[in-house]
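Asks: Take a look at this one; I'll ask things after.
The values are calculated or read from the model by the stated rules, or taken from the named source; none is laboratory data. Here the structure is a predicted model, which is why all the values come from computation and not from measurement. Backbone-built Cβ (ideal geometry, glycine too); neighbour counts: all protein chains shown. To get the accessible areas, we keep the full protein, side chains included, count just its heavy atoms, and leave off ligands, DNA and RNA. Shrake-Rupley method; radii C 1.70, N 1.55, O 1.52, S 1.80 Å.
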Amino acid sequence: MKIPNGHEIIHLFEQFSPKGLAMEGDKIGLQIGRLNKKVERIMIALDVLENVIDEAIEKNVQLIIAHHPIIYRPLKNLLTDTVQGKMLEKLVKHDIAVYAAHTNLDVAKGGVNDLLANALELQDAEVLVPTFNTKLKKLVVFVPVSHAEVIRKVLGEAGAGFIGNYSQCSFSAKGTGRFLPGENTNPFLGEAGMLEEVEEVRLETIVPEPLLKKTITAMIKAHPYEEVAYDIYPLENTGDVLGLGRIGKVPEMTLGEFAERVKTAFEVSNVRVVGDLSTKIKKAAVLGGDGNKYFMNAKFQGADVYVTGDIYYHTAHDAQMQGLNMIDPGHNVEKVMKKGLTATLQKMCVESGYEVEIFPSEVNTDPFQFV
């Protein structure tokens, strides 16, 4: 086990939630501090407010990974006698880096919207608002017969070979490989200066573009050859459709009963409901944060109810006229990402041999309360 630096942590994280998934203009990535340092303690936060920063200082955190950017609009100045200036000053003085993953974490598989859908126990959940088609690459590698199964396994474990709900998909064909080792080589098979013929396997599989670098690195590390022969082909067919929100089935219940499910799932005491509480619900959509402009996506895809935060007065009227029920549990329910992302990143770090402590912020950043 090794203590990683910040760059290594973020490299791992961006395999799970690539920047390329973010909506255009979103403020993501490293916002405060530096990554060229050892990171032993990471805190996962929904928001970066002053009480969250104080928590990070108290817990000796070197890196905060947050969903909501601490800097969303360009700063015209940095005055340390203002609230925001004081916050940024604390982070800099205590060498705490802040990395923001906003809409890319909303869109990512296993990200905010999947966590919300899981909490509501949506069945056969699909993307509500498609925003991204994953590009695919064909990876072909030539390997001696003795190591074909090892390489096939490594490729699968790195994330290659997924076609729909099928995994570990690959094709192989045997042939003869020829090579002439030059001077100062240390060939796995054959001798320097002697033409060698080897029975090899041509192994090919599909790799999602975001996982290509990771897959190639794992393959080369496991391959017995000093110089690995492999090819990468671009493909016209695409992989997973990713996007905002999720829509799925629920056991039939009334809108009132589903509202209670929402309260329990997201640990909130109250929700705002648009619609007749006795209406039967069979299909539900959810979108984290402010999802006002996507309510018609939910309607067109057959949702009986749409769960999102910050519902506007006139949006509620528009939804009523369209016959769509709505439930607003608040924007803060995105807090599900704290525990969810903690578990995901912990698993990735263990698999990478990183010794680092990761934990969710315990501070409540919801500005609202019901009285």
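Asks: Assuming 0.36 nm per residue, please report the length gained on full extension of the stretch MET1 to LYS38 beyond their Cα-Cα distance.
Replies: Working: separation 37, 0.36 × 37 = 13.32 nm, distance 1.35 nm.
Once the chain is fully extended between MET1 and LYS38, it gains 12.0 nm.
Asks: Taking 0.36 nm per residue of sequence separation and subtracting the Cα-Cα distance, how much length would be gained by fully extending the chain between ASN237 and ILE57, in nm to one decimal?
Replies: Going from the current span to full extension adds 60.0 nm.
Asks: Could I ask something else about it? Structure shown: which of LYS282/LYS339; LYS19/LYS214; LYS138/LYS214; LYS19/LYS109 lie over 20 Å apart, alpha-carbon to alpha-carbon?
Replies: Values: LYS282/LYS339 28 Å; LYS19/LYS214 16 Å; LYS138/LYS214 14 Å; LYS19/LYS109 13 Å.
Pairs exceeding the cut-off: LYS282/LYS339.
Asks: Still on this structure, please answer the following. What list of ³J(HN,Hα) couplings, whole Hz, do you get for the stretch 101-118 from phi and the Karplus terms 6.51, -1.76, 1.60, once you set θ to phi - 60° and write x for glycine and proline?
Replies: 10, 9, 5, 5, 6, 5, 7, 3, 5, x, x, 4, 6, 5, 5, 5, 4, 5
Asks: Continuing with this model, one more query. Multiplying the sequence separation of ILE220 and ARG272 by 0.36 nm and subtracting their Cα-Cα distance, what value in nm do you get?
Replies: Stretched fully, the ILE220-ARG272 segment lengthens by 13.3 nm.
Asks: Taking a spot 7 Å from the Cα of ALA229 along the direction of its beta carbon, which residues of the stretch 156-188 have an amide N less than 16 Å from it?
Replies: 173-182, 187-188
Asks: Taking every pair of alpha-carbon atoms in the stretch 221-371, give the share separated by more than 26 Å as a whole percent.
Replies: On the way: 5036 of 11325 pairs.
When all Cα pairs of the stretch 221-371 are counted, 44 percent exceed 26 Å.
Asks: With θ set to phi - 60°, apply the Karplus curve 6.51 cos²θ - 1.76 cosθ + 1.60 along the stretch 316-323 and write out the HN-Hα couplings as whole Hz, x wherever there is a Gly or Pro.
Replies: Each residue's phi maps through the Karplus curve to give 4, 5, 4, 5, 4, 5, 8, x Hz.
Asks: Can you tell me the FRET efficiency between ALA192 and LYS153 if r is taken as the Cβ-Cβ distance and R0 is 30 Å, rounded to the nearest 0.05?
Replies: Details: r = 31 Å, r/R0 = 1.02.
For R0 = 30 Å, the calculated efficiency reads 0.45.
Asks: My understanding is that a pair violates if its Cα-Cα distance is over 18 Å; which of LYS59/LYS338; LYS27/LYS90; LYS135/LYS249 do that in this structure?
Replies: Table pairs above 18 Å Cα-Cα are LYS27/LYS90; LYS135/LYS249.
Asks: If I model a spin label at THR264 and THR279 as a point 7 Å from the Cα along the Cα→Cβ vector, what separation in nanometres do I get?
Replies: 2.2 nm
Asks: Okay, next question. Residue by residue, what Karplus-based ³J(HN,Hα) values in Hz, rounded to whole numbers, does the stretch 329-343 have, using 6.51, -1.76 and 1.60 with θ = phi - 60° and x for Gly and Pro?
Replies: x, x, 5, 5, 5, 5, 4, 4, 5, 5, 6, x, 5, 4, 5
Asks: Something else: Whose amide H sits under 5 Å from the amide H of HIS102, counting only residues 5 or more places off or on another chain, with H placed in the peptide plane?
Replies: GLY29
Asks: Using amide H atoms built in the peptide plane, which far-off residues or other-chain residues are under 5 Å from ILE32 H to H?
Replies: VAL98
Asks: For the chain, with every protein chain kept in place, what is the accessible area per residue (1.4 Å probe, Å²)?
Replies: In whole numbers, the chain has 53 Å² accessible per residue.
Asks: Next question. How high is the FRET efficiency between ILE71 and GLN369 when r is their beta carbon distance and R₀ equals 25 Å, given to the nearest 0.05?
Replies: E between ILE71 and GLN369, to the nearest 0.05, is 0.40.
Asks: What fraction of the Cα pairs in the chain, stated in percent, has a spacing above 29 angstrom?
Replies: 53 percent
Asks: Given +1 on the Cβ of Lys and Arg, -1 on the Cβ of Asp and Glu, and no further charges, what dipole in debye does the chain carry about its Cα centre, rounded to the nearest 20?
Replies: Around 400 debye, computed over the chain.
Asks: Ignoring ligands, DNA and RNA, what percent of the accessible area of the chain is carbon or sulfur (1.4 Å)? Intermediate values should be presented prior to the final figure.
Replies: On the way: 10010 of 19490 Å².
The nonpolar share, carbon plus sulfur, comes to 51 percent.
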